Amino acid sequence: MIHFLWKISFWTHIIRISLIIAMLWSIFEGNWAILFVIILTFLFTYIHLVFKKYDIIIPQVFQFIIIFFIYSSLFLGDINEFYYLFPWWDIVLHSFSGIALGFIGFLIPYTFYKIREFKAPPIMIVLFGFCFAVTLGTLWEITEFILDSFFNLNMQKARDLVDINGIINSREGVKDTMNDLVLDTLGAFFASVFGYFYLVGGEKSFIYKKLIEIFEKSNNYFEHKKEKFFNK
């Protein structure tokens, strides 16, 4: 397990180093729009510190998943044109992110449910996770629109839409956004279904059981809140 976590930490640092190199290259080239996106990506690699402030420790596995998605989307996908080199890149990213966000959204109410700070039927817990994932997916599309508008990027595939007949296909940008939202929604739905069966099935769902075990073992939040609850 220690060796596995060391590998995750190693690749996280590799990602950060590659971003620092890209920053220096962007400064050398004078490409300030790209520099801003790279800095934004780099800052996202430390997003777990925000949760740590509230005594919620995101396990290294989940940290790496979040970092890798943002890195793959902003840095590899758009700046290094992986979206064009590999047509399946966007589909895989949004399908996977929908499932991951659905699970993270499930963990938020589940945390309070587990420590008995509130009671809620399983359907409401998974519904929160589903809405959380879809909302973040929507906010991501808004982020893409803002970056495209102010930094001349093409994350929504809405530029250079003239086809071989010289006709502008104005629906391509809309189709890209809607395809992303549909994939986010489907991923969130599947994550919610697994979460529901985990709650009503006596925690017999193998996938969720293993993921939540990783979360709980990496987190002192549960034990701290349980002690506070039972000592009232």
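The values are calculated or read from the model by the stated rules, or taken from the named source; none is laboratory data. Here the structure is a predicted model, which means the values were calculated and not measured. Because the Cβ atoms are built from the backbone with ideal geometry, glycine has one as well, and the counts that use them run over all protein chains shown.
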Within the range 54-66, is even one residue more than 24 Å from Gln156 (Cβ to Cβ), among the charged types (D, E, K, R) and modelled with pLDDT of 75 or more? no
Go through the residues of the range 39-60 one by one and say whether even a single one is surrounded by fewer than 18 Cβ atoms within 10 Å (Cβ to Cβ) and on the phi > 0 side of the Ramachandran plot. yes
Matching residues in the range 9-19 - criterion: being of a type in the set (Val, Ile, Thr) and either exposed (fewer than 13 other Cβ atoms within 10 Å of the Cβ) or touching a strand residue (DSSP E or B) at 6+ places or on another chain (Cβ under 8 Å) (or both): Ile14, Ile17
For a quick check of your reading of the model, give me the residue pairs whose first member lies in the range 140-160 and is under 15 Å from Asn179 (Cα atoms), whose second is modelled with pLDDT under 75 and of a type in the set (Gly, Ala, Ser), with beta-carbon atoms closer than 7 Å and at least 6 apart or on different chains. Gln156/Gly173; Lys157/Gly173; Ala158/Gly173
Residues satisfying the stated conditions in the range 58-96, i.e. in a loop (DSSP other than H, G, I, E, B) and either under 17 Å from Thr143 (Cα atoms) or not aromatic (Phe, Trp, Tyr) (or both): Ile58, Pro59, Asn80, Glu81, Pro87
